[in-house]
Structures are given as C-alpha cells and as structure tokens.
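Engineer: Take a look at this one; I'll ask things after.
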Amino acid sequence: APARIAVTGLAVMGSNLARNLARHGYRVAVHNRSHARTEALIADHGHEGDFVPARTLEELVASLQTPRQIIIMVKAGAPTDAVIDELVPLLEPGDMVIDGGNAHYADTRRREAALKEAGLHFVGAGISGGEEGALNGPSIMPGGSKESYRHLGPVLEDIAAKVDDVACCVHVGPDGAGHFVKMVHNGIEYADMQLIAEAYDLLHRVGGLAPAEVAEVFRGWNTGDLESYLVEITAEVLGHVDAATGAALVDVIADEAEQKGTGRWTVQEALELGVPVTGIAEAVFARSLSGRAGQRQAVRAAFGSADVVGGATDSLVEDVRQALYASKVVAYAQGFDQMRAASAEYGWDLDLGAMATIWRGGCIIRARFLDRIREAYDKDPELASLLVDDYFRDAVRSAEEAWRRVAVKAVTAGVPAPGFVSALAYYDGLRSERLPASLIQGLRDFFGAHTYRRTDREGSFHTLWSGDRSQVDA
Ligand code: NDP
C-alpha cells in the first residue's frame, strides 16, 4: 500500500517525527540524503510502526499516496532550498511540501510563492518542543493554504501535544504565518529564560541563597501562577550537583550564553514592524554581553564586581516572584503585539487566542499562564494590550510595588536585571500621561525641520528656530 506521508531529513528531529507518525498508525515513507541514517532508523525503531525506507527522493515520492505530503526536516537555509529544488520536479499539482525546520518566515513566503507557481502547496510549519516533543507530541504551527490544512491538519493534530484533549496545532494563517509565530515563540522563550535567570541571580547575589536553595524556591513557585516547563526545569538545573567537583553544576557551567538566532530574528523583525519587544531584545543582548569575555574581564578589572549582599528574607523571595510574574506578562504582551502587527502587515488574520492555546503543550514555553492569555483574547480579540485585560491588569497592579522594590534592590546592589528593569520602564512608558517624546519632536524640528504636531489643533508645524522663532504651518 502507498505511504500516507513522508519525512526527508532523519537527524534527531526528523527521525523522531517519523517515529511519532508511525506510532500513531501512519505508514511513513522515510528518506535521508545519506542512507545510513535511514538504515539506522529502521534498525533501531522499525518495529515501532509501518516505515517505508527510500534510498532516493524519487523512491520516496513514488511510495506515496496522492496528493503527496512530504515533510522536510533538514538544516534550515540553503539545505532546505536544495531539497525543495530536487523535490519539485518529481511532484504533481496538488502535492504538499511541508518544511518543519526552523526557517525564517521570509524564506517561507518566498518558497510558498514559488511552489504555488508550480501548483504545489508549500507549508512552513513551526515545530517546537525539541527532540522530545517531536517524538511524543510537539506544538505545531503550520502556515500555508487552507486547502493544504484540510489534508494535513488531521495528521498534524493527531501527532501534536494535547492539553485537556485539545491538540497543540492549528492552522496559523497563510504563507509564512506559521514560521513567524514559531519565531516569536522562540523570542518569548529567550525573554522568559532571561527573566528566570535574573530572578535566580537576585536571590543568589542579593539574597545570598545557594543554588540548591533557589531550586527549592522555584519548586514552590511552580505550584502557582508561574507554573511552567521552564520554571520546573530551572529547579532541576539549579538543584543538580556536578559529580566531578561536588559543586552546584550552575557554578561550574561557563557563563557565556549561546544562541542560534531566532531571538535575534524576532528583534530584527520587531524593529522593522516598529513594535517595542524590549523583553526579547534585552534577552538577546544579555546573551551577547555574556559572551564578550574580553570586555567583561577588562571592565571587571577596572571597576570590580558587586559584592554579594546576603540575608534573603521571605519578603525578598516573594518580591522577586511578583517581579518575575509582572515582567513575564510584559514580555508576552510584547510578543503578542508583534504577532498582531505582522498579521496586519501581511494580512494573516491571526487568531491570537489560538496561538496561546497551541503553546500550552509540547513547546518550551508551555505554561499555566497561557490559559489566561487565551481567555483574554477570547473575551476581546481586539485587546489593545494584554496588560489591560482584567486578569492581567489586576496581576500587574498587585505586583507593582514588589516589582519596583526588586528593581531598586538590583540597581542598588549592582546586580544586572535588564529584563525586570526594562519591563518596568515599558509599563511606565505606556501608562504615562505625557512622554518626553514631545521634547524629541522639538529637537528634531530644531536641527532638521522635521516638524511636529500639536496637542490642541490639527496640522503639522515648524518653528523658525534660526529666525524669529515664530511658528509656521508645515
Ligand atoms: P540538523 O539541523 O542538524 O540537520 C541535519 C539534517 O539535515 C540531516 O538529515 C542532514 O542530512 C540534512 N541535510 C543537511 N544538509 C543537507 C542538504 N544540502 N541536502 C539534504 N539534506 C541535508 O537536524 P535537526 O534534526 O537538529 O533539525 C532539523 C530541523 O528542525 C532544523 O531546521 C532545525 O532548526 C529544526 N528544529 C530543531 C529543533 C531541535 O531541537 N533540534 C527543534 C525545532 C526545530 P545528512 O544526514 O545526509 O547529513
């Protein structure tokens, strides 16, 4: 019998996805550029389901029922284009090519447009959850045409993570929408991790708590509003002791954070769209700063490092919890703003509540909190900001004093908390009656005759700064 669906690219993600499909009863055709990986998959896991190994893409294509559905899981970028170029001449109109890699959404838009010319459906599907998710149920964010989703949706929803019996997979929107949403997901993941790291640093360096003690604090937090996969694994990592030294592993790991680039993409796109995603940007920059070893050493030599203050109290722990929660609300509010802006820019018609729904399981940022976001957008799809939803407004209001105390403590102690502090500045920026943007407009008009608008009447104006300083209509 022909195979139902195919996977090409059988490194860790592709082989786990193929196994997930097979375990759900689908006959899966499998292929990899170097056949050894295909053989290894069949040898190690062939008994788990119905696999059809193919040596070449021709064989893979020939083994499939039509319209064909082929998932590409190769390295993002040029390798993906190479596979598409080889695949397209082998396909027929109506066939579907699904890119499950971490593609940039602009590449996905380009590929979708090119394949549409050939009568093919190209589906850029964001897949989150790492290798574990791919095997046991990822969060899946497929873009592409509605028609392709009619064929693919049932299969993808079948293998996706489930929360309360709801699949963490939905048709996100046309062309690059799926990969865009996956990108923002990763950006939010950066922000979330940065805030968690700052909370740890404050409890450790201001509070004087040992990593194992902070692990206990996080374990406690994971039973409340902050309950999430990242908070859960923070307790695991902080509690882990290095076998070689007997020290906390976190004290042995080199403190230079790496990145593969999706956080940077999120910030670059936010800059293009003019959406302030300060939480994600601070997170990306904090990783960059950590990696500048030479500079860090030079500045530390010149100024010295801040001393540990010590003496954590229950109130510090509770304040940090509240600051973490409020800052997290801000980071998510910003990420959702970015999706809304892109949706308007590209005509995607994104359902923001559905995005929160499909992130509840399978992915790295899965959290209890996402139910609240879904509820907020269900109540009001046009919400101006997550911050003004009743639930989040109350949460931020009640956290505000603690949040400020934590920011002051961090600044006073000399412990960097760019995520907490900048989230607070964002909040204060949005709620200010008047912003000094008026002065910026005045300056721009002074040196560049860029004009300004007035609060009391319509129109654009310019002051004759180098003349008699009277105002003229611009
Ligand atoms: P890699 O990103 O390490 O890619 C390796 C695979 O790409 C191999 O199957 C390799 O084939 C194939 N490949 C590389 N170049 C070519 C080429 N020119 N032509 C054909 N095939 C090529 O694998 P992963 O499984 O880690 O990731 C796959 C995709 O999923 C990537 O886009 C990744 O960003 C994304 N992703 C990864 C996650 C993760 O946690 N790892 C999470 C979510 C998404 P060969 O064996 O012949 O070298």
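Taken together, the values in this text are just the output of simple stated rules run on the coordinates, not laboratory data. On a predicted model such as this, the values are computed, not experimentally measured, just so you know. As a convention, Cβ positions derive from the backbone with ideal geometry for all residues, glycine included, and neighbour counts pool all protein chains shown.
Engineer: Taking R0 as 60 Å, what's the FRET efficiency between Arg55 and Phe461 from their Cβ-Cβ distance, rounded to 0.05? Walk me through the numbers before you get to the answer.
Structural biologist: Numbers: r = 72 Å, r/R0 = 1.20.
Once rounded, the FRET efficiency stands at 0.25.
Engineer: Convex hull over the Cα atoms of the range 240-360, averaged projected area in nm²?
Structural biologist: 11.6
Engineer: Counting only GluC sites (Glu not before Pro) that are in a DSSP loop and have at most 11 other C-beta atoms within 10 Å, tell me the longest site-free stretch of the chain.
Structural biologist: Maximal segment without exposed cleavage sites: 1-257.
Engineer: If you don't mind, another one. By how many nm would the segment from Val472 to Arg300 lengthen if fully extended, with 0.36 nm per residue of separation less the alpha-carbon distance?
Structural biologist: Between Val472 and Arg300, full extension yields an extra 56.6 nm.
Engineer: How many percent of Cα pairs in the range 1-133 exceed 27 Å?
Structural biologist: Tail of the P(r) past 27 Å holds 11 percent of the pairs.
Engineer: Let me check against my output: what whole-number percent is the relative contact order of the range 1-152, with C-alpha pairs under 8 Å and at least 6 apart?
Structural biologist: Normalised by residue count, the contact order of the range 1-152 is 22 percent.
Engineer: Something else now. List every residue whose amide H lies under 5 Å from the amide H of Gly124, counting only residues 5 or more places away in sequence or on a different chain, with H placed 1.01 Å from N in the peptide plane.
Structural biologist: So Gly124 has HN proximity to Asp99, Gly143, Gly144.
Engineer: Continuing with this model, one more query. If I model a spin label at Ala43 and Thr313 as a point 7 Å from the Cα along the Cα→Cβ vector, what separation in nanometres do I get?
Structural biologist: According to this spin-label approximation, the distance is 6.4 nm.
Engineer: Now for a separate question. Considering only Leu91, Phe285, Leu152, whose Cα is most displaced toward the positive end of the charge dipole of the chain, charges sitting on Cβ of Lys, Arg (+1) and Asp, Glu (-1)?
Structural biologist: Checked the options; the winner is Phe285.
Engineer: Regarding the range 330-377, what is the average projected area of its C-alpha convex hull, in nm²?
Structural biologist: 3.3
Engineer: Between Glu92 and Ser432, what is the label-point separation in nm under the 7 Å Cα-to-beta-carbon projection?
Structural biologist: Computed distance between label sites Ser432 and Glu92 equals 6.4 nm.
Engineer: Based on a Kirkwood Rh over C-alpha pairs, give the Stokes-Einstein translational diffusion coefficient of the chain at 25 °C and viscosity 0.890 mPa s in µm²/s.
Structural biologist: Values: Rh = 24.6 Å.
Approximately 100 µm²/s, per Stokes-Einstein.
Engineer: A further question follows. Roughly speaking, what is the stretch gain from His240 to Phe446, that is 0.36 nm per residue apart minus the C-alpha to C-alpha distance, in nm to one decimal?
Structural biologist: The span from His240 to Phe446 would gain 68.3 nm if fully extended.
Engineer: Apply the membrane-span-like helix rule to the chain: whole DSSP H runs, Cα extent along the own long axis of at least 27 Å, mean Kyte-Doolittle hydropathy at least -1.0. List the helices found.
Structural biologist: Values: long enough: 177-201 (36 Å, 0.01); 314-346 (48 Å, -0.18); 390-413 (34 Å, -0.38).
Flagged H segments are 177-201, 314-346, 390-413.
Engineer: Residues with amide H under 5 Å of Val52's amide H, sequence separation 5 or more or different chain, H placed in the peptide plane at 1.01 Å from N; which?
Structural biologist: Residues meeting the criterion, in which the H sits 1.01 Å from N, are Val28, Ala29, Val30.
Engineer: If you don't mind, another one. At a 10 Å Cβ-Cβ cut-off, how would you order Asp107, Asp337, Asp473, fewest neighbours first?
Structural biologist: Starting with the residue having the fewest Cβ neighbours, the order is Asp473, Asp107, Asp337.
Engineer: Something else: To the nearest Å, what is the center-to-center distance of the range 400-433 and the range 30-57, using C-alpha atoms only?
Structural biologist: Their Cα centres are 53 Å away from one another.
Engineer: Checking the cross-link filter: which lysines have an alpha carbon closer than 20 Å to that of Lys260, excluding same-chain neighbours under 8 positions apart?
Structural biologist: Qualifying lysines at Cα under 20 Å: Lys75, Lys182.
Engineer: Using +1 at the C-beta of Lys and Arg and -1 at the C-beta of Asp and Glu, which of Ala62, Thr108, Ala82 has the Cα lying farthest in the positive direction of the dipole of the range 55-154?
Structural biologist: Thr108
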